[in-house]
Ligand code: MG
């Protein structure tokens with residue numbers, strides 16, 4: 001009997017000038033980037049929450065509190081590695097993750113293969129088991145005005 005669990009995660013960060021634009025662990029050339037306590041990689045944060053949610057392990061804020069200086073400026077690739085390590089140690093394996101990024105700019109399509117490779121490498125997945133789609137918000141709302149980035153992710157875990 002295989003125990004299947006689905007999880008979902010959402011994240012939002014402001015996009016401001018003078019911040020590196022790191023999404024999916026890829027440093028994308030851009031004048032604006034997500035602001036936050038860590039590197040503010042909204043895509044990886046959404047994936048972490050999807051995984052933790054599926055495994056019943058709470059959320060990213062509980063595992064990596066933004067009141068802790070250890071996580072200030074932290075690479076979210078490292079946070080994903082730690083979150084997945086904890087999850088896998090409980091016997092969970094992962095089938096796939098699927099994500100959406102909403103942002104007006106910069107364009108991320110050229111960087112999607114590198115993002116998939118980063119995420120797949122940490123989770124032990126084939127890159128084709130990591131879906132990353134990106135869309136704009138057609139100029140509507142905070143995303144449409146280019147003020148922020150919104151990420152969502154789903155993850156499917158299983159345990160024998
Ligand atoms: Mg976040």
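The values are calculated or read from the model by the stated rules, or taken from the named source; none is laboratory data. Everything numeric in this text was worked out from a predicted model, so none of it was measured. Using ideal geometry, Cβ is built from the backbone for each residue, glycine included, and neighbour counts are taken over all protein chains shown.
Apart from one condition, residue 106 fits all of (1) more than 10 Å from the ligand (Cβ to nearest atom); (2) within 19 Å of residue 143 (Cβ to Cβ); (3) part of a strand (DSSP E or B); the exception is (3). Of everything listed in (1) touching a strand residue (DSSP E or B) at 6+ places or on another chain (Cβ under 7 Å); (2) within 16 Å of the ligand (Cβ to nearest atom); (3) modelled with pLDDT of 95 or more, the single unmet condition for residue 133 is (2). On the stretch given as region 61-80, residues that are in contact (Cβ under 8 Å) with a residue 24 or more places away in the chain, under 13 Å from the mean Cα position of the chain (by Cα) and buried (at least 16 other Cβ atoms within 10 Å of the Cβ) total 4.
Counting just the residues of region 29-51 that are farther than 17 Å from residue 147 by Cα and outside any loop (DSSP other than H, G, I, E, B), which one comes out nearest to the chain's Cα centre (by Cα)? Going through the qualifying residues, I end up with 44.
Taking the stated definitions as given, is residue 55 more than 9 Å from the chain's Cα centre (by Cα) and under 16 Å from residue 153 (Cβ atoms)? Against the criterion (more than 9 Å from the chain's Cα centre (by Cα) and under 16 Å from residue 153 (Cβ atoms)), residue 55 qualifies.
Among the candidates 134, 153, 83, single out the residue that is in a helix (DSSP H, G or I), closer than 20 Å to residue 12 by Cα and touching a helix residue (DSSP H, G or I) at 6+ places or on another chain (Cβ under 9 Å). On inspection, the qualifying residue turns out to be 83.
Pairs meeting the criteria (first residue in region 30-45 and closer than 25 Å to residue 154 by Cβ, second residue in a loop (DSSP other than H, G, I, E, B) and within 10 Å of the ligand (Cβ to nearest atom), beta carbons under 6 Å, at least 6 apart or on different chains) are 34/40; 37/66. If you filter region 23-35 down to residues that are closer than 28 Å to residue 89 by Cα and touching a strand residue (DSSP E or B) at 6+ places or on another chain (Cβ under 8 Å), you find that the one that is nearest to the ligand (Cβ to nearest atom) is 23.
Being crowded, with 24+ Cβ neighbours inside 10 Å and within 13 Å of the ligand (Cβ to nearest atom) is a property that residue 38 lacks.
From the list 88, 114, 74, 70, the lone residue that is at pLDDT 95 or above and more than 27 Å from residue 137 (Cβ to Cβ) is 88.
Quick check: is even one residue across region 8-18 modelled with pLDDT under 95 and more than 10 Å from the ligand (Cβ to nearest atom)? Scanning region 8-18, I find at least one residue that is modelled with pLDDT under 95 and more than 10 Å from the ligand (Cβ to nearest atom), so the answer is yes.
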